[in-house]
Amino acid sequence: MDLSFRKATAKDTSACIDLVYSSGPELLEYMFSTQAKTAKDYIAYEFEQGGGFIGHQIHTVVEHKSTIVGVGAFYDRKQLVKLYLETLKNIIRFYGLFKSFNVLRNALDSASVIEKPRPNGMYICNLGVSAQSRGLGIGSALINYETEKARKKSYKEMSLDVATNNPKAERLYKRLGFNLVKEKTFQGRANIPGTRFLVSPIIY
């Protein structure tokens, strides 16, 4: 399958909303849905703005015949503070100061099932493939592409969290060399699936 990879841009927003949402719909709904706005509304806003954990600046898209078929975000520990501040700013701007408090509280709850990148590691999140393209190796190709980039920059590992109710994705990651480090239970006020933190050492 002829695939190409590139950094995402604001112009990719409409093509990436559903792909990012598919990476963790239960958690994204918990964090970003309100009576007036949907999780996809916020995903679209932050992705287009560029900064933050859903901003296009940390995303890579996969294209097949000039159509986006996959997307994923990749960042390291050094970027964390910047990403936190950007997402904080985006939430306040999008929801308004008063209504942002509940969203921020829910976003903080998400930390119970989202791991931080470890030192000398690259963390993967928001990984999604279009429904009609699943099972064709696109997710694997994207991870392998980003792993090669990380190897050239001397990173030591790739890591990610996978929901406990997504065994198909977990099997894929384990085929790619990811191993279970720990399992986490959601600590918020909703029935959200737990996650398993998986790590794959980068071989030199």
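The values are calculated or read from the model by the stated rules, or taken from the named source; none is laboratory data. Keep in mind that what you see is a predicted model, and the values were worked out from it rather than measured. Note that each Cβ is placed from the backbone with ideal geometry, even for glycine, and that neighbours are counted across all protein chains shown.
What's the total number of residues in segment 45-90 that are out of contact with any Lys or Arg (no Cβ under 7 Å at 6 or more places or on another chain), of a type in the set (A, V, I, L, M, F, W, C) and surrounded by 17 or more Cβ atoms within 10 Å (Cβ to Cβ)?
So the count comes out to 11.
Being touching a helix residue (DSSP H, G or I) at 6+ places or on another chain (Cβ under 8 Å), at pLDDT 95 or above, closer than 17 Å to PHE74 by Cα and surrounded by fewer than 21 Cβ atoms within 10 Å (Cβ to Cβ) is the requirement here; does THR38 meet it?
So THR38 does not fit the description; no.
Among the numbered criteria (1) over 25 Å from VAL62 (Cβ atoms); (2) within 17 Å of the chain's Cα centre (by Cα), which single criterion is violated by ASN166?
(1)
Pairs under 8 Å by beta carbon, first residue within 23 Å of GLY139 (Cα to Cα) in segment 174-192, partner in a loop (DSSP other than H, G, I, E, B) and of a type outside the set (A, V, I, L, M, F, W, C), six or more apart or different chains?
Hits for this filter: GLU183/THR164; GLU183/GLY194.
Which residue pairs have Cβ atoms under 9 Å apart, sit 6 or more places apart or on different chains, and have a first residue in segment 25-42 that is more than 17 Å from PHE98 (Cα to Cα) and without any contact (Cβ under 8 Å) to a residue 12 or more places away in the chain and a second that is hydroxyl-bearing (Ser, Thr, Tyr) and in a helix (DSSP H, G or I)?
Partner pairs satisfying both residue conditions: GLU29/TYR21.
Quick one: in segment 101-159, of everything that is within 16 Å of the chain's Cα centre (by Cα) and β-branched (Val, Ile, Thr), which residue is farthest from TYR30 (Cα to Cα)?
THR147
Among the candidates LEU160, LEU172, which residue alone is surrounded by 14 or more Cβ atoms within 10 Å (Cβ to Cβ) and not in a strand (DSSP E or B)?
One residue alone meets the criteria, LEU172.
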